[in-house]
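Data first, discussion second: the structure below is written as structure tokens.
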Amino acid sequence: MDITIHASFLPHDDPDASLAFYRDTLGFEVRNDVGYEGMRWITVGPAGQPGTHIVLEPPAADPGITDDERRTIVEMMAKGTYASIVLATADLDAAFKRLQAGGAEVVQEPTEQPYGVRDCAVRDPAGNMIRIQELR
């Protein structure tokens, strides 16, 4: 079976701040930027990987979500416990320096983990956990 990851979704609560983080700090390409009824969906992806997308979306845009669920999502985003993604790079130290220079909220500096990877963790402007592993 030939299956790839095409898109992953992360919430944003400030589209301009999220766009700046993913485009300017991480160096991702902007693939799409769509507004609808006062909301905004921004699709970004790593340069040279045109088939891999992260869609930055308004949280709880689904009309089937209740007001209580929306409040829970907003609370979890504020705590940084709602969404996460794991990225990878050949040069973790350079990526971490770029993140620091871009003002990313550092959660964990580059560290050798007991489970066999070296990684770091930051939060994007919406509080999403971004872990970056070093390719070996």
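Quick notes on this one:
- Most mobile of THR66, THR52, THR111 in a GNM of the chain (Cα contacts under 10 Å): THR66
- Residue-count net charge about PHE96 - beta-carbon cut-off 14 Å; Lys, Arg +1, Asp, Glu -1: -2
- Top positive-direction residue, dipole computed over the range 4-79 with Cβ charges, set ALA61, GLN49, SER18: GLN49
- Of all DSSP beta bridges in the chain, antiparallel share, percent nearest 5: 65 percent
- Restricting the trypsin sites (Lys or Arg not before Pro) of the range 37-85 to loop positions (DSSP other than H, G, I, E, B) with no more than 10 neighbouring Cβ atoms within 10 Å leaves nothing.
- For the residues THR89, THR25, THR43, a GNM of the chain with alpha-carbon springs under 10 Å puts the largest fluctuation on THR89.
- Relative to the dominant Cα principal axis of the chain, helix 67-79 is inclined by about 20°.
- Of the solvent-accessible surface of the range 24-100, computed with a 1.4 Å probe over protein heavy atoms with every protein chain present, carbon and sulfur atoms account for 52 percent.
- Surface calculation, 1.4 Å probe, protein heavy atoms: HIS6 sits at approximately 110 Å² accessible.
- Normalised alpha carbon radius of gyration of the range 90-131 [divisor 2.2 N^0.38 Å]: 1.12
- Evaluated at q = 0.12, 0.15, 0.23 Å⁻¹: base-10 log I(q)/I(0), Debye formula over Cα of the range 58-136: -0.42, -0.59, -0.99
- Where only alpha carbons of the range 69-108 are counted, the Rg and the Dmax (Å): 13.6, 39
- Using alpha-carbon coordinates, inclination of helix 92-101 to the longest axis of the chain, degrees: 50 degrees
- Pairwise Cα distances in the range 1-61 exceed 20 Å in 24 percent of cases.
- Extending 7 Å from Cα along the Cβ direction at THR4 and again at GLN113 yields two label points whose distance is 2.5 nm.
- A Cβ-based charge dipole, computed about the Cα centre of the range 24-136 with Lys and Arg at +1 and Asp and Glu at -1, lands at about 200 debye.
- For the chain, the solvent-accessible area with a 1.4 angstrom probe is 59 square angstrom per residue.
- Listed residues ALA83, GLY116, LEU99: farthest to the positive end of the dipole of the chain (Cβ charges): GLY116
- Across the chain, the convex hull enclosing all Cα atoms gives 144 Å³ per residue.
The values are calculated or read from the model by the stated rules, or taken from the named source; none is laboratory data. Quick caveat: nothing in here was measured; it's all calculated off a predicted structure. Using ideal geometry, Cβ is built from the backbone for each residue, glycine included, and neighbour counts are taken over all protein chains shown. Keep in mind that these areas ignore ligands, DNA and RNA; they rest on the heavy atoms of the full protein, side chains included. Shrake-Rupley method; radii C 1.70, N 1.55, O 1.52, S 1.80 Å.
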